[in-house]
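Heads up: the structure comes next, in structure tokens.
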Amino acid sequence: MKYPAAIWVPSPNFGYPRSTHGQLASNIQKANRAGEFWHSIVGTLAAAKWRFLNMSEEASAHFLFPKIGAPTQMVDSDDAAWHSGNYLANLHFHGFEFEGGAPGNYSEPLTDNQVEWGIKVTRWLRETHNSPKIYVRRETLWEHNEVQATSCPSGRIPWARLINEWEDDIDKAEVERIVRAMQFRARPKGEKATGEHLLEEWLGSYHKHRYDAAKHGGGGIGEARSRAIAQEEDKKLKVTK
Ligand SMILES: [Zn+2]
């Protein structure tokens, strides 16, 4: 879908393989969950836009947020943008890019304009894709460097302010369920969960969901068979490039 208030500048960089439509919308629906990566542009919005229009750069994002003015949309919200460097994450999360500061000040805080548009577009995405309104850091809301080493500047996003804004929308029961499940996860004593662990767990629970769905869909077929069906499904999603 296209956000009505955004400027539409389509990127050729989306989908697996390239130009495949609808994968993100279908995964959100199957998993009944969605979220966003909030990235930072090193430098200007114009530079990022140029990269995302260039096929050989093999990068894109759904929305670009300038310091002043309305967002630009470059990938349809139904499609998987190439924003995180992790194809499974790209198949499950929307990607935002926020224009950054000048050299020497890349990590300047987001402007009020960026925060306000980010809030609105997030809300629109959750409504458009009919996904649960869960706003939990490192579950449905990510910064790029929490998943992998990246030059994406961090520390610019006022998460507490954002989550406070969305609080009225939140599916409280679902949040409690997630938080409880996180607390129960066994971890070696003293080991802290990294972003990668949390993303793996999130994707793992999505795979379990598909496995269960295959089991039920098969009308009580055996465990080995349902696992094979789920693996087949996984294979269909594999990147081919
Ligand atoms: Zn990034």
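Leu110: outside any loop (DSSP other than H, G, I, E, B), touching a strand residue (DSSP E or B) at 6+ places or on another chain (Cβ under 9 Å) and buried (at least 16 other Cβ atoms within 10 Å of the Cβ), yes or no? So Leu110 fails the test.
Checking the structure you have, find out if any residue of the range 133-152 is β-branched (Val, Ile, Thr), under 22 Å from Lys49 (Cβ atoms), outside any strand (DSSP E or B) and within 16 Å of the ligand (Cβ to nearest atom). Scanning the range 133-152, I find at least one residue that is β-branched (Val, Ile, Thr), under 22 Å from Lys49 (Cβ atoms), outside any strand (DSSP E or B) and within 16 Å of the ligand (Cβ to nearest atom), so the answer is yes. Of all residues in the range 63-101, those satisfying the criterion of being crowded, with 20+ Cβ neighbours inside 10 Å, assigned to a loop (DSSP other than H, G, I, E, B) and either within 10 Å of the chain's Cα centre (by Cα) or of a type in the set (S, T, N, Q) (or both) are Ser77, Ala80, His83, Ser84, Leu91, His92. Can you find, within the range 15-48, the residue that is nearest to the ligand (Cβ to nearest atom) among those that are within 19 Å of the chain's Cα centre (by Cα) and under 18 Å from Pro153 (Cβ atoms)? Per the stated criteria, the residue is His39.
Residues in the range 2-9 include none that are crowded, with 23+ Cβ neighbours inside 10 Å and out of contact with any helix residue (DSSP H, G or I) (no Cβ under 6 Å at 6 or more places or on another chain).
Are any of the residues in the range 35-42 over 21 Å from Gly118 (Cα atoms) and either in a loop (DSSP other than H, G, I, E, B) or without any contact (Cβ under 8 Å) to a residue 60 or more places away in the chain (or both)? Checking the range 35-42: not a single residue is over 21 Å from Gly118 (Cα atoms) and either in a loop (DSSP other than H, G, I, E, B) or without any contact (Cβ under 8 Å) to a residue 60 or more places away in the chain (or both). Scanning the range 51-81 for residues that are among the hydrophobic types (A, V, I, L, M, F, W, C) and either away from the ligand (no atom under 16 Å from the Cβ) or touching a helix residue (DSSP H, G or I) at 6+ places or on another chain (Cβ under 6 Å) (or both) yields Leu53, Met55, Ala59, Phe63, Leu64, Phe65, Ile68, Ala70, Met74, Ala80. Of all the criteria given as (1) more than 16 Å from the ligand (Cβ to nearest atom); (2) touching an Asp or Glu at 6+ places or on another chain (Cβ under 6 Å), the one not satisfied by Pro103 is (2).
Cβ-Cβ contacts under 6 Å between residues 6 or more apart (or on different chains), taken from a first residue in the range 143-158 that is under 11 Å from Trp38 (Cβ atoms) to a second residue that is within 10 Å of the ligand (Cβ to nearest atom) and among the β-branched types (Val, Ile, Thr), are listed as His144/Thr150. In this entry, Thr122 passes the filter for residues that are hydroxyl-bearing (Ser, Thr, Tyr), more than 16 Å from the ligand (Cβ to nearest atom), under 23 Å from Lys2 (Cβ atoms) and touching a strand residue (DSSP E or B) at 6+ places or on another chain (Cβ under 8 Å). Within the set Leu64, Leu110, Leu91, the sole residue that is under 19 Å from Ser11 (Cβ atoms) and free of Cβ contacts under 8 Å to residues at least 60 places away in the same chain turns out to be Leu64.
Read-outs: derived from the displayed coordinates by stated rules, not from any lab. Note that the coordinates shown come from a computational prediction; the quantities given were computed from them, not determined experimentally. We place every Cβ from the backbone using ideal geometry, glycine too, and count neighbours over all the protein chains shown.
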